[in-house]
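Below you'll find the structure, written out as structure tokens, and then a few comments.
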Amino acid sequence: MISDFKFWHFFPRQGQLIHNIKTTEMRDVNKRIAWIFAMGLIVFAMGEIWGMNTDSLTPILAAGMWDAYTLARWTSLVGTLLWAGFYLAFHLYGAAFLFGKIVKMAWRAALIMQLYVLALLIIEKGLIFLLFALTGFTMSVSIFSFGPIAATFLDHHFLIYFFNQLTLFTSLIIAVQYRFIRSFTTINPKLILFGLIMLHILAALIVASFSLIPTDDMLSGFMDGGSLFE
């Protein structure tokens with residue numbers, strides 16, 4: 001039996017989607033993946049074109065170096081799109097592969113599960129970009145996270161970035177993954193929920209750890225021709 005994979009139709013109907021995955025062969029999955037990838041690239045590109053995270057290029061513009069500034073912006077856009085492609089592919093194919101290996105979940109079920117996870121991440125980034133574009137300024141933390149609250153009483157970048165990774169969308173992602181894994185494995189539901197929570201906390205810790213890397217000093221040392229590790 002064959003059924004059509006209607007992505008947005010099944011978004012609020014996860015139970016029906018899981019039933020269809022179990023009992024039918026779903027077609028047009030790759031087409032939906034292509035659309036979600038395209039949406040993700042557009043969201044990343046819009047933020048870059050608007051000027052998010054390009055403040056380091058302002059001195060070049062202020063110096064009137066138009067050609068250098070234009071080249072830098074194009075280079076930044078290409079770099080953003082390459083990063084976006086890696087980000088989207090990892091959260092879809094990489095995570096689906098890991099879930100398949102760790103919890104012995106069927107590949108198609110894990111892939112569709114992660115496609116909805118990816119959609120939630122893209123929606124979150126799209127909403128953040130929209131709010132920044134409407135207000136005309138950006139922040140280093142997400143308004144959907146505990147980051148802004150943490151920044152009001154904490155002065156440690158690691159902790160702020162850690163709480164910034166724990167968002168409203170994180171809870172929605174955990175809910176989606178919990179429902180899928182519970183439906184396609186025989187693992188104890190309490191263990192599934194605990195494992196997912198710990199997984200996302202670990203991921204938040206890993207991402208936050210990048211805030212400890214002295215990127216500015218390393219780039220400055222590189223541009224000055226000195227050793228990065230002096």
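Output the residues belonging to the range 15-28 that are buried (at least 17 other Cβ atoms within 10 Å of the Cβ), part of a helix (DSSP H, G or I) and touching a helix residue (DSSP H, G or I) at 6+ places or on another chain (Cβ under 7 Å).
In the first step, residues of the range 15-28 are kept if they are buried (at least 17 other Cβ atoms within 10 Å of the Cβ); the result is 17-18, 20-21, 26.
From the residues that got through so far, the ones that are part of a helix (DSSP H, G or I) too are 17-18, 20-21.
Once the filter is applied, which keeps residues that are buried (at least 17 other Cβ atoms within 10 Å of the Cβ), part of a helix (DSSP H, G or I) and touching a helix residue (DSSP H, G or I) at 6+ places or on another chain (Cβ under 7 Å), the range 15-28 yields Leu17, Ile18, Ile21.
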Checklist entry - Arg27 is checked against (1) within 23 Å of Tyr178 (Cα to Cα); (2) of a type in the set (Lys, Arg); (3) at pLDDT below 90 and fails just one. What number does that condition carry? => result (1)
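Just to be sure before I move on: is Met105 on the phi < 0 side of the Ramachandran plot and assigned to a loop (DSSP other than H, G, I, E, B) in the structure I sent?
For Met105, the condition - on the phi < 0 side of the Ramachandran plot and assigned to a loop (DSSP other than H, G, I, E, B) - is met.
If I go through the range 135-187 residue by residue, how many of them are small (Gly, Ala, Ser) and touching a strand residue (DSSP E or B) at 6+ places or on another chain (Cβ under 9 Å)?
Step one: of the range 135-187, the residues small (Gly, Ala, Ser) are 136, 140, 142, 145, 147, 150-151, 171, 175, 183.
Now narrow it down to the ones that are touching a strand residue (DSSP E or B) at 6+ places or on another chain (Cβ under 9 Å): 142, 145, 147.
Going through the range 135-187 one residue at a time, the tally reaches 3.
Applying the selection to the range 132-148, what residues are without any contact (Cβ under 8 Å) to a residue 40 or more places away in the chain and open to solvent by less than 100 Å² (accessible area, probe 1.4 Å)? If you could, list the steps in order and put the result at the bottom.
Here is the first cut: in the range 132-148, the residues without any contact (Cβ under 8 Å) to a residue 40 or more places away in the chain are 134-137, 139-148.
Result: Thr135, Gly136, Met139, Ser140, Val141, Ser142, Ile143, Phe144, Ser145, Gly147, Pro148.
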Next on the checklist: Contact list please: Cβ distance under 6 Å, first residue in the range 82-94 and of a type in the set (Phe, Trp, Tyr), second residue exposed (fewer than 14 other Cβ atoms within 10 Å of the Cβ), pairs at least six apart or on different chains.
Outcome noted: none
Checklist entry - For Ser183, are the conditions met, namely being open to solvent by less than 80 Å² (accessible area, probe 1.4 Å), free of Cβ contacts under 8 Å to residues at least 12 places away in the same chain and either charged (D, E, K, R) or within 20 Å of Arg13 (Cα to Cα) (or both)? => result no
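The values are calculated or read from the model by the stated rules, or taken from the named source; none is laboratory data. These figures come from a predicted structure and were not determined experimentally. Glycine gets a Cβ as well: all are built from the backbone with ideal geometry, and neighbour counts include every protein chain shown. Keep in mind that these areas ignore ligands, DNA and RNA; they rest on the heavy atoms of the full protein, side chains included. Shrake-Rupley method; radii C 1.70, N 1.55, O 1.52, S 1.80 Å.
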